[in-house]
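> This is the structure I have questions about; it appears just below.
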Amino acid sequence: MADLKARLVGVELYFENLGAAKTFYAEVLGLPVQEYDPDHHAKFAAGDAFVCTENKGVEDYTSADKAVVFLEVANVRQALERIGSAHVMRAETSGNEPWAAIRDPEGHTVLLVQATR
């Protein structure tokens with residue numbers, strides 16, 4: 001099978017409470033809002049990609065609810081200080097590859113990994 005040379009351009013997560021999703025991704029994680037339609041979705045810039053949070057049921061091609069979003073940050077410890085402990089499920093900040101698993105308002109896991117470059 002030929003390599004598709006695919007690259008991630010974005011991820012979409014479904015929410016019952018789009019307002020809480022917008023607050024979490026914009027204010028807690030600090031992702032810039034690119035688009036916002038309170039009846040449909042909120043889209044956030046995440047480097048060269050995007051995270052889109054969408055109201056459940058607005059599309060006719062929904063997928064399963066489980067998803068994990070991976071976000072690369074410059075410093076995991078500093079990111080955790082900004083985010084606060086209420087959202088943290090688990091963190092491994094010692095060693096060469098720090099990471100942390102946090103939860104958004106509807107239970108999606110956001111995995112923070114430390115940049116290596």
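> Which residue, of Ala79, Ala86, Ala64, Ala42, is modelled with pLDDT under 90 and either more than 15 Å from Phe15 (Cα to Cα) or hydrophobic (A, V, I, L, M, F, W, C) (or both)?
Ala64
> Could you pull out the residue among Glu106, Glu16 that is in contact with an Asp or Glu (Cβ under 8 Å, 6 or more places away or on another chain), surrounded by fewer than 14 Cβ atoms within 10 Å (Cβ to Cβ) and modelled with pLDDT under 95?
Glu16
> Continuing with the same structure: Restricting to the range 19-41, name every residue that is crowded, with 18+ Cβ neighbours inside 10 Å, closer than 24 Å to Ala86 by Cβ and not hydrophobic (A, V, I, L, M, F, W, C).
Lys22, Tyr25
> Starting from residues that are touching a residue at least 40 places away in the same chain (Cβ under 8 Å) and basic (Lys, Arg), keep the ones in the range 42-94 and report whichever is surrounded by the fewest Cβ atoms within 10 Å (Cβ to Cβ).
Only one residue fits best here, namely Arg82.
> Residues being in contact with a Lys or Arg (Cβ under 9 Å, 6 or more places away or on another chain) and of a type in the set (S, T, N, Q): count how many of those fall in the range 70-113.
2
> Out of the residues in the range 19-56 that are outside any helix (DSSP H, G or I) and of a type in the set (A, V, I, L, M), which is farthest from Glu72 (Cα to Cα)?
Within the range 19-56, the match that is farthest from Glu72 (Cα to Cα) is Ala42.
The values are calculated or read from the model by the stated rules, or taken from the named source; none is laboratory data. The shown structure was predicted, so the numbers you read here are calculated from the model rather than taken from an experiment. Note that each Cβ is placed from the backbone with ideal geometry, even for glycine, and that neighbours are counted across all protein chains shown.
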